[in-house]
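Nothing in this text is a laboratory measurement; each read-out follows from the coordinates by a stated rule. Everything quoted here is computed from the prediction, not taken from an experiment. Glycine gets a Cβ as well: all are built from the backbone with ideal geometry, and neighbour counts include every protein chain shown.
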Amino acid sequence: MKTIGLIGGTSWISTVEYYRIINQLTNERLGGLNSAKILLYSINFEDFKPPSDPNGWGPVVETLTGIARRLEHAGADCLLLCANTPHMAAAGVQKNIRIPLIHIAEVTSQEIAKQKLSTVGLLGTKYTMELPFFKTKLLEHNICPLVPGDKERIDINASIYGELGKGVFKPETKEKYLRIIEDLKKKGAQGVILACTEIPLLLKQSDCDIPVFDTTAIHARSAVDFALSDEQMKN
């Protein structure tokens, strides 16, 4: 079994989900009392304030690279950034480490491609919805991303930082998301990406009548696939 390196705390709410899903899937596949080998570095989210200007991400890349190197030196065999927005810095981090950084947008795009969907809604922070780092991965797989309008993007971003990241999940916020998804569906969305790792704590597949892509679950599962690849070859 390989060791999974996690950079979490963005927010701690969703990092708990990463830890739970990774260990649960590992135990389901191996049985007994097996659990995952994990190295976790949890940052203080208050100190982590992504700049709106993509040109200002240099310090973020440096910070995440330093943490990634510490996890690599401690024995991690792969790395996960436990949130969507930090993947703005993923390419810069990957250049400075030898272990693979499993990109959340890449594995999500692969999952969507398996279902042969060509157009999907994209919900997340304003950075994820407006900057190209996630959309580019989708386009590389011939998947067209649709994002909500200006007001809806502001509302979603405010709910993520003001509610979901603090563990606050309001029924009225859920209804707002569902209205936004319905609007995206009318515009041609065949599915919707929950591209903020807290959104799946608010919305589930059972709430929607189109496929929902939970980036937290997809990302965590890809880490388990990587970590257990040698075990599966033995079997």
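Worth a mention:
- Eigenvalues of the alpha-carbon gyration tensor of the range 105-214, scaled by 5 and square-rooted, set the equivalent ellipsoid semi-axes at 21, 15, 13 angstrom, largest first.
- For the range 180-201 and the range 103-155, distance of Cα centres in Å: 9
- FRET efficiency estimate (nearest 0.05) - Cβ-Cβ, residue 144 to residue 96, R0 30 angstrom: 0.40
- Each Lys and Arg adds +1 at its Cβ and each Asp and Glu adds -1 at its Cβ; summed about the Cα centre, the chain shows a dipole of about 260 debye.
- The alpha carbon radius of gyration of the range 1-77, expressed as a multiple of 2.2 N^0.38 Å, is 1.29.
- Of 37/174; 37/114; 135/166; 37/95; 2/185, pairs whose Cα-Cα distance is over 31 Å: 37/174; 2/185
- Zone of residue 35's modelled label, taken as backbone nitrogen in the range 9-23 under 17 Å from a point 7 Å along Cα→Cβ: 15-23
- Mean Cα-pair separation over length for the chain, i.e. relative contact order, pairs under 8 Å, 6 or more apart, %: 25
- Shape summary: the chain maps onto an equivalent ellipsoid whose semi-axes, from the alpha-carbon gyration tensor, are 27, 21, 17 Å in decreasing order.
- Helix axis angle, 215-227 relative to the chain longest principal axis, alpha carbon, degrees: 20
- Dipole size of the range 167-235 about its Cα centre, with +1 on Lys/Arg Cβ and -1 on Asp/Glu Cβ: approximately 240 debye, rounded to the nearest 20.
- Per-residue ellipticity at 222 nm computed for the chain from its helices equals -15000 deg cm²/dmol, with DSSP H segments shorter than 4 residues left out and the rest contributing -39,500 (n - 2.57).
- Mean Cα-pair separation over length for the range 105-214, i.e. relative contact order, pairs under 8 Å, 6 or more apart, %: 34
- P(r) histogram, all alpha-carbon pairs of the range 105-153 included - 10 Å bins from 0, percent: 28, 56, 15, 0
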